[in-house]
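Worksheet: one structure, shown below.
The values are calculated or read from the model by the stated rules, or taken from the named source; none is laboratory data. Since the model is a prediction, treat every value here as computed from it, not as a measurement. Quick reminder, even Gly has a Cβ in these numbers, built from the backbone with ideal geometry, and neighbours come from all protein chains shown. What goes into the accessible areas is simple: the full protein's heavy atoms, side chains included, and nothing from ligands, DNA or RNA. Shrake-Rupley method; radii C 1.70, N 1.55, O 1.52, S 1.80 Å.
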Amino acid sequence: RRPEMEGTGAPLEANASSTAEAQEGISLGPRMVVFVRTCLEASPRRFIFLWSTACVAMLVTFFIAGRHYWELQKRPASIKRLYYSRIALFAPILGVTATLALFSPHAFYLMKMLQTQVEAVSLSAFGNILFLLVAEESHLLYDGPEHAHESTGYKILMALNRDGPKPHFGVPPFACCFRRCLPAHLLRPGHILLARNFVRQYAFMVIMSSMLEIWCAFALSAAEMGPTFLITMNLVKLSGFVCIYGLFILYSATHGVLEKFNPTSKFVALKLVVLLMTYQELLVGPIMHFITPASDLCLADPEHSGEEIQTKHREHWTDMYLTALESMLLAFLVRRAFPADELLGGRQEYHMMLVEVDLELVSSAISSEDMEKDSASSSEGDDDDVH
């Protein structure tokens, strides 16, 4: 019987080590069935009210965004309509993911990951819209026969620099306090492409961080996942601020040219709710310490015990509840800022990649001209030295 006893001891040791590992690892929160049952037993009126209002907010969001999306689809097919439609889907996806997390706190990190991805897609679409609108308006401003030989990238530069040099990089969130110290300059193609890459990198960073987190969830232990998640979360936040910085550069540079398209309302519509979501995460934490939980079991993880862990899940749940309500505001603002009336047919469109290639060609031409000027000035200086 000795081999049998030894064989039965190994699983006990493995179970003990896995239990200790789970206690030290990341707490994902209670699953849906356990959470709903315990919270209805502890405070049925409170949670029925909260779930009902969140579902109503999600339905209102779907109604507003659905009408907006239907109005966009009635317009002629165009590249701009494609980007407007992507932004119109931001609010309903935000609302449905937040509502699903309210019924299953265990899926909080998955829903948060989806919200971040759809935010990155919407911000990238907004950057593309700014480029498309600037290309269209630049051709309208310089449509005379004397500008017929000039390329799209060169017309964009003339339109953006028509008010003279400005400190274009002195904008929030990094350099707004140093605006007076920064030198005024004209925009060059490299500046525009750099700002565009600031916006674009956020989508790549979100996707790569999501893939890394999923890989770590399968490849690493629960205790080893914590530092990795913390690093990726901070990198995504830094990438988000860089994206906002790039959008501010584009917004500040294109505001005068795109004034009739209300770029301020477009910028506010996308970033107001995102900023609310960012700062509410910081404010909800301290407030939770002053609010008594419904019970010791409600929003407590059965696999991880502790008051701090329960408080953390209460913060996540409250954050998702506020996000579900804010999705209504987002749907309303997006419908007002990106109306279907702006999708007028008959106007020439310019694909984003073609505009970028044209700006790179203009940048190469300007660089070669600068090199020729430098070489010419240096040769003149050498001749003077000889004389």
**Report entry** Where region 122-194 is the region considered: accessible area per residue in Å², 1.4 Å probe
**Finding:** 46
Report task. Step through the table entries Lys112/Lys266; Lys80/Lys312; Lys112/Lys155; Lys80/Lys237; Lys74/Lys237; Lys155/Lys266, compare each Cα-Cα distance with 30 Å, and write down the pairs that go over it. Result -> Lys80/Lys312; Lys112/Lys155; Lys74/Lys237
Report task. With +1 on each Lys and Arg Cβ and -1 on each Asp and Glu Cβ, and nothing else charged, work out how big the dipole of the chain is about its Cα centre, in Debye to the nearest 20. Result -> 2000
Report summary line: region 182-296: relative contact order from alpha carbon pairs under 8 Å, six or more residues apart, as a whole percent, is 32
Query - Relative contact order (%) - region 277-325, alpha-carbon pairs under 8 angstrom, separation at least six - result: 50
Report task. Quick one: angle between helix 307-337 and the longest Cα principal axis of the chain, in degrees between 0 and 90, rounded to 10, please. Result -> 40
**Report entry** Quarter of Cα convex hull surface for the chain, i.e. mean projection, nm²
**Finding:** 30.5
Report task. Using packing as a proxy for protection, rank 195-208, 225-238 so that the peptide with the highest average count of other Cβ atoms within 10 Å comes first. Result -> 195-208, 225-238
Requested in this report: Give, as ranges by residue number, the residues of region 96-111 whose backbone N falls under 11 Å from the point 7 Å along Cα→Cβ of Met32.
Outcome: 100-107
Requested in this report: Taking the chain as the reference, fit the longest principal axis to its C-alpha atoms, fit the long axis of helix 90-103 to the helix C-alpha atoms, and give the angle between the two in degrees, 0 to 90, nearest 10.
Outcome: 10
Report summary line: Stretched fully, the stretch from Ala42 through Arg336 gains (0.36 nm per residue minus C-alpha distance, one decimal, in nm) 101.7 nm
**Report entry** Sites Met353 and Leu283, calculated FRET efficiency, Cβ-Cβ separation with R0 41 Å, nearest 0.05
**Finding:** 0.50
Requested in this report: Rank Ala107, Ile156, Leu133 by how far each Cα sits towards the positive end of the charge dipole of region 99-216 (+1 on Lys, Arg Cβ; -1 on Asp, Glu Cβ) and give me just the farthest.
Outcome: Ala107
Requested in this report: Over the chain, with every protein chain in place, what whole percent of the accessible area is carbon and sulfur at 1.4 Å, could you tell me?
Outcome: 64
Query raised in the report: How far apart, in nm, are two points set 7 Å out from the Cα along the Cα-to-Cβ line at Arg67 and at Ser151?
Result: 4.5
Requested in this report: Rounded to the nearest 500, what is the 222 nm mean residue ellipticity of the chain from helices alone, with -39500 (n - 2.57) per DSSP H run of 4+ residues and division by all residues?
Outcome: -26000 deg cm²/dmol
Query - Ranked by how many other beta carbons lie within 10 Å on average, peptides 248-254, 334-340 from highest - result: 248-254, 334-340
Query - 16 Å tail of the calculated P(r), region 47-138, as % of Cα pairs - result: 62
**Report entry** Gained length - Asp296 relative to Ala219, 0.36 nm times residue gap less alpha-carbon distance
**Finding:** 24.4 nm
Query - On Cα atoms only, tilt of 2-24 relative to the major axis of the chain in degrees - result: 50
Requested in this report: Express the relative contact order of the chain as a whole percentage, based on alpha carbon pairs under 8 Å and six or more residues apart in sequence.
Outcome: 31
